[in-house]
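Chemist: Got a structure for you, questions after.
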């Protein structure tokens, strides 16, 4: 089944406004992250300016996009990686420790090399080629698709090469895609590059039909997937 033949949304799934998407806030615990980083210079200052709501500091997508605008430098890419991990993880100590294995299992020099290469490919060749790079030649240990697509999304949704903007693909989005794209088998992880390409095709086609940006479709599918758990 082609992307244009797939139903836009499961019944009852609303597409959020862009402001709602950008303001999606995730709580984080600075004290849990700092000891896990290769050094204090990996921590972006913007995270220290995030608001506290109900006793917890929270970072939104808009803030991470701001950090990503500096990803043309090695320090900026480090900050983007940290911010994307923080935004996608939450406050649980076990979750932070799991995500921080990215830093524990690879020398900073290797992380810098792979980040720089993959994000360079994103700007020169587009989202699908960058996904392949992160999943193959420029793989960073313990940085799987659910999180390296966050890095790609924040680095390239506003501007990148190719017709498709990068989008986040995680297990919740994949759950929603099982209902939307019933002719395909959507696993909970380990997605191939052709599978990511199909996801982008679906999301961009639906976004065009709805008159919205692709990350609004991603956010709607994420919300739908969480309801299916």
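Chemist: Considering the values (i) 37, 16, 15; (ii) 35, 23, 17; (iii) 28, 20, 16, which represents semi-axes √(5λ) of the Cα gyration tensor in Å as calculated for the structure under consideration?
Modeler: Looking at semi-axes √(5λ) of the Cα gyration tensor in Å for this model, the match is (iii).
Chemist: Tell me, 151, 53, 15 in order of fewest to most beta-carbon neighbours within 10 Å?
Modeler: 53, 15, 151
Chemist: Using per-residue counts of other Cβ atoms within 10 Å, averaged over each peptide, order 168-181, 187-200 from highest down.
Modeler: In decreasing order of mean packing, 168-181, 187-200 become 168-181, 187-200.
Chemist: Using only the Cα atoms, what convex hull volume per residue in Å³ does region 52-108 have?
Modeler: Convex hull of Cα atoms, per residue: 79 Å³.
Chemist: Would you mind putting 26-32, 127-133 in packing order, based on average other-beta-carbon counts within 10 Å, highest first?
Modeler: Descending mean neighbour count gives 127-133, 26-32.
Chemist: What base-10 log of the normalised intensity I(q)/I(0) is obtained for region 93-229 from the Debye formula, alpha carbons as equal point scatterers, at q = 0.09, 0.13, 0.16 Å⁻¹?
Modeler: -0.26, -0.55, -0.82
Chemist: Now for a different question. As a test of the formula, what do you get for the chain when each DSSP H run with n ≥ 4 contributes -39,500 (n - 2.57) and the sum is divided by the residue count, at 222 nm and rounded to the nearest 500 deg cm²/dmol?
Modeler: Mean residue ellipticity at 222 nm (helix-derived): -16500 deg cm²/dmol.
Chemist: Just want to confirm a number: the relative contact order over the chain, from Cα pairs under 8 angstrom separated by 6+ residues, in percent.
Modeler: Values: 341 pairs, mean separation 51.5, N = 229.
That works out to 22 percent.
Values in this text are rule-based calculations from the coordinates and carry no lab data. These figures come from a predicted structure and were not determined experimentally. Cβ atoms come from the backbone with ideal geometry, glycine included; neighbour counts cover every protein chain shown.
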